[in-house]
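Since the structure comes first, as structure tokens, the remarks are kept for the end.
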Amino acid sequence: MTEKLSTAEIQQRLKELNGWQLADNAIKKQFVFESFMPAIRFVNRVAELAETVDHHPDITINYRKVTMGLSTHSAGGLTQKDFALAERIDGAVGESR
């Protein structure tokens, strides 16, 4: 099982990410695309990434806005896995536009 990060570790890791925020025991970020199809391509790319690391985000799609939420439910909070996937999700944005 992956260990839950301390509050100090979470705050430090958040500083290393662009635009991710702590909310409801998770880190979240909203991505806005030009239209619906680039948003869907992004979600599909994230789904592929998530499968490769066996760690799956909560995803909300509102037309051209996609909100990602990450938390390690089995650990009861945030772990290194969440921040590692957040970095990969940020990298997937350019591939999807």
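The values are calculated or read from the model by the stated rules, or taken from the named source; none is laboratory data. Since the model is a prediction, treat every value here as computed from it, not as a measurement. Neighbour counts run over all protein chains shown; Cβ positions are idealised from the backbone, glycine included. Only protein heavy atoms, including side chains, enter the accessible area calculation; ligands, DNA and RNA are left aside. Shrake-Rupley method; radii C 1.70, N 1.55, O 1.52, S 1.80 Å.
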Conditions (1) over 15 Å from ALA84 (Cα atoms); (2) out of contact with any Lys or Arg (no Cβ under 7 Å at 6 or more places or on another chain): number failed by ALA39: (2)
Filtered residues of segment 23-38 (kept if among the charged types (D, E, K, R) and at negative phi): LYS28, LYS29, GLU34
Filter result for HIS56 (in contact with a helix residue (DSSP H, G or I) (Cβ under 8 Å, 6 or more places away or on another chain) and closer than 16 Å to THR2 by Cα): yes
Residues satisfying the stated conditions in segment 48-68, i.e. outside any strand (DSSP E or B) and either of a type in the set (S, T, N, Q) or under 14 Å from GLU87 (Cα atoms) (or both): LEU49, ALA50, THR52, VAL53, HIS55, HIS56, PRO57
Residue tally, condition under 18 Å from LEU70 (Cβ atoms), of a type in the set (A, V, I, L, M, F, W, C) and open to solvent by 20 Å² or more (accessible area, probe 1.4 Å), over segment 18-42: 2
Selection status of LYS65, under 19 Å from PRO38 (Cβ atoms), modelled with pLDDT of 95 or more and not polar (S, T, N, Q): yes
Of all residues making up segment 48-83, the number that are free of Cβ contacts under 8 Å to residues at least 12 places away in the same chain and open to solvent by less than 80 Å² (accessible area, probe 1.4 Å): 1
